[in-house]
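Read the figures in this text as sums done on the coordinates, not as results from a lab. Because the structure is a prediction, the values reported are computed rather than measured. Cβ sites come from the backbone with ideal geometry, for glycine too, and all protein chains shown count toward neighbours.
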Amino acid sequence: MHDELTHSRRSFLRGAAAVGVGALAGSVGPWPEPALADTPPTTPADALQRLLDGNRRFIEGKITAPNRNLEHLKQVAPKQTPFAAFLSCADSRVPVEIIFDQGFGDLFVTRVAGNVASAEEIASLEFGTLVLGARVLMVLGHTNCGAVKAALDGTEVPGQISTLYRLITPGIDRQNRDLDAAVAANVRAQAKVLRDGSTVLSNLIRDGKLKLVGGVYDLNSGNVTLLEG
Ligand SMILES: [Zn+2]
């Protein structure tokens, strides 16, 4: 109990210090405040909201491209504190920072074809959340995903590409030929693998320090839709 109290008092003091700095910066000159505060969101709900706000700016053509200059890169060079982590597809049309209008140091992104939760991805995401402190973890699928489509169709593929199939097919219904349904099912299945396959992640979720969500990104609109459940 004592530790908890000490911790919350420290958190409060840190928060108060951040507010003080922000207020001071606002009074320095006539320039407008940056569109986004540099302080990362500290709760899972705020972290998710920051992502959704960024995606809205992106689809409405109102991006602010925060934290993308060399100056900000220098600021985060010694230490990163990304507020969100992703398990996303390697597809060239899914550049996560652009979709969510974020910049250097904001997102911890693991990308792999079919956004599959293999052991290496789980290890990376444990690092991004437990060690680096990301507050929201999004499994992000997308429309017209080639990896999911190939697994759905059972297409013959060269080399080791079919390795992806054994990670995707258990989570999708191959009797249903609908690709959108398979993409959503794959997101849910990979999220379940993360939750069930990692005690680090499930403990963070249980303790309210991390929110795990699934989303599907529409290649035609740029919109990210959160999946229920
Ligand atoms: Zn894909």
Got a sec to turn the phi values of the stretch 132-142 into Karplus ³J(HN,Hα) couplings, 6.51 cos²θ - 1.76 cosθ + 1.60 with θ = phi - 60°, whole Hz, x for Gly and Pro?
8, x, 4, 9, 10, 10, 10, 8, 10, x, 8
Charges on Cβ only, +1 for Lys and Arg, -1 for Asp and Glu, centred on the Cα centroid of the stretch 148-227; of Ala191, Thr225, Pro170, which one is farthest towards the dipole's positive end?
Ala191
Amide H neighbours of Leu212 at under 5 Å, excluding residues fewer than 5 places away on the same chain, with H built from the backbone geometry, are Leu137
Loop-located GluC sites (Glu not before Pro) in the stretch 32-111, at most 16 other Cβ atoms within 10 Å (DSSP)
Glu60
Would you list which lysines come within 22 Å of Lys209, measuring only between C-alpha atoms, while excluding same-chain residues fewer than 8 positions from it?
Lys79, Lys192
Rounded D (µm²/s) - the stretch 75-229, Kirkwood Rh over Cα pairs, Stokes-Einstein at 25 °C, 0.890 mPa s:
156 µm²/s
Once phi is turned into θ = phi - 60°, what whole-Hz ³J(HN,Hα) does the Karplus curve with 6.51, -1.76 and 1.60 give for every residue of the stretch 60-69, x standing for Gly and Pro?
8, x, 10, 5, 10, 6, x, 6, 10, 9
